[in-house]
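Engineer: One structure coming up, written as structure tokens, with questions to follow.
The values are calculated or read from the model by the stated rules, or taken from the named source; none is laboratory data. Owing to the predicted nature of the structure, the values given are computational and were not obtained by experimental measurement. Positions of Cβ are generated from backbone atoms using ideal geometry, with glycine treated the same way; all protein chains shown enter the neighbour counts.
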Amino acid sequence: MTMIRLASLADVPALATLEAQSFPYDALSERSFRRFIKLGEAEVWVLDNQGSLLGYAIMLYRQATKLARMYSFAIEQSQRRQGHGSRLLTHMERLAQREHSLFMRLEVKADDNEALSFFHQRGYQDIGLKNDYFDDHSAACVLQKQLHFFDSERLPRQVPYLTQTTPFTCGPASLLMAMKYFGYPLHNPELEELELWREATTIYMTSGHGGCGPHGLARAAHKRGMAVELWISQPGPVLLDSVRNNSKREVMIKIQQADIEALERARVPVHVSDYYMTQLEQDLEQGKLVITLISTYQFDQFKAPHWVLITAIDDDFVYINDPDEDDTPWQSPAARQYLPIPREIFSRAFGYGSKRLRAAVVLGQGMLPD
Ligand SMILES: CC(C)(COP(=O)(O)OP(=O)(O)OC[C@H]1O[C@@H](n2cnc3c(N)ncnc32)[C@H](O)[C@@H]1OP(=O)(O)O)[C@@H](O)C(=O)NCCC(=O)NCCS
């Protein structure tokens, strides 16, 4: 009878032997195994057959991200191709899912066709190549699998997906998805994306073309007939922190002031308040969609402002349509539609800048054109 259990220090000699057999080019020492087990730096799991070790997996969880990293994984040579690897892998994936990890990632020697074919057949995708990765200077393929998906059998993914066509139009692309969902005709989406950007840009935020501001996006949505409400944690013109040049700041202030006054004239509700998860749940429950500004730091360690469209929520995840394909080139558009973000990670990512501006443009169907 085989069982999968956490390793103990007594397993270390057998683990090191198995490791040396499987990875002669870059093997972990007994000392490393002891450290992993003793200090809890990693989870070491073993596949045990009545006291003899058939295989093992070393897992690292990054607290701050949604990534589970499989640091090492092997089945004893004489025991391969009997389904042991599949069983151990499935178990590790389930554990990572329970930790709310969105992805499982690992490195495999680039010329190890056996292991590559094993992982490819189990849904892992190549997302990169690391040259000179192992001790013998050989390269590694970086493999990744998405572990969570929106349960589209329970609820169809109704909000359509669009990829932004420029690096600075995440806000407009998010708005276009909402417009499409609420039945607003899009005759030329690419042009409309640029039109929306022209109306909603802060002009100077970020280097290069400026991203969109919350007031501008709300104004552009209202202009097209949508029902709009804006939640914003700070009053007045925002997103000015990173703009050091005074004349640029003045332009940004002027343009946002014009948006704020236009929203006032149009009686678009602007709540100067934080936007809480309970409010988000309530808005989604009422059939609305929400565009929010997030910092991508939680996902890629770069502090970039990024607008995404929130499409659903459940006890564990906030689901977003992420218009950006740059950060996640290995993901298909289908995977970026209703992308699950663990709630605690979303809470950390929601907000931007040193003042943690939190902005949410809540959208519903308003007046449709004739
Ligand atoms: C990759 C590995 C874990 C697979 O373990 P396993 O117990 O043989 O896996 P399973 O029996 O569950 O599945 C075997 C499947 O892997 C693939 N595979 C394994 N060996 C293969 C080979 N020589 N050629 C082609 N495909 C192969 C096939 O899909 C095979 O399925 P099949 O037998 O139905 O054709 C094992 O080969 C191993 O330990 N390799 C060395 C360590 C390693 O490279 N680890 C990955 C990096 S951390």
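Listed here are the residues, each with its yes/no results for (1) assigned by TED's automatic domain parsing to the domain that holds residue 324; (2) modelled with pLDDT under 95.
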| residue | (1), (2) |
| --- | --- |
| 161 | no, yes |
| 176 | yes, no |
| 182 | yes, no |
| 193 | yes, no |
| 204 | yes, yes |
| 207 | yes, yes |
| 217 | yes, no |
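Engineer: Looking only at the range 201-222, count every residue that is within 25 Å of the chain's Cα centre (by Cα) and among the aliphatic types (A, V, I, L, M) and tell me the total.
Structural biologist: Adding up the residues that qualify gives 3.
Engineer: Next up: Working only within the range 189-215, note down all residues that are in contact with a helix residue (DSSP H, G or I) (Cβ under 9 Å, 6 or more places away or on another chain) and part of a loop (DSSP other than H, G, I, E, B).
Structural biologist: Selection gives 202, 203, 204, 205, 209, 210, 211, 213.
Engineer: Taking interchain pairs and intrachain pairs at least six residues apart, which have beta carbon atoms under 6 angstrom, with the first residue in the range 102-118 and of a type outside the set (S, T, N, Q) and the second near the ligand (Cβ under 6 Å from one of its atoms) and part of a strand (DSSP E or B)?
Structural biologist: 115/108; 116/108
Engineer: If you take just the strands (runs of 3 or more DSSP E) that sit entirely in the range 15-124, which of them hold at least 2 residues that are more than 12 Å from the ligand (Cβ to nearest atom), under 30 Å from residue 315 (Cβ atoms) and under 32 Å from the mean Cα position of the chain (by Cα)?
Structural biologist: Here the list reads 43-49, 52-61, 67-75.
Quick grid of which residues meet (1) small (Gly, Ala, Ser); (2) surrounded by fewer than 19 Cβ atoms within 10 Å (Cβ to Cβ); (3) modelled with pLDDT of 95 or more:
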residue	(1), (2), (3)
61	no, yes, no
64	yes, yes, no
74	yes, no, yes
86	yes, yes, yes
90	no, yes, yes
97	no, yes, no
148	no, no, no
158	no, yes, no
173	yes, no, yes
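Engineer: May I ask you to say which residue of 108, 46 is modelled with pLDDT of 95 or more, touching a helix residue (DSSP H, G or I) at 6+ places or on another chain (Cβ under 8 Å), crowded, with 20+ Cβ neighbours inside 10 Å and over 19 Å from residue 5 (Cα atoms)?
Structural biologist: Result of the check over 108, 46: 108.
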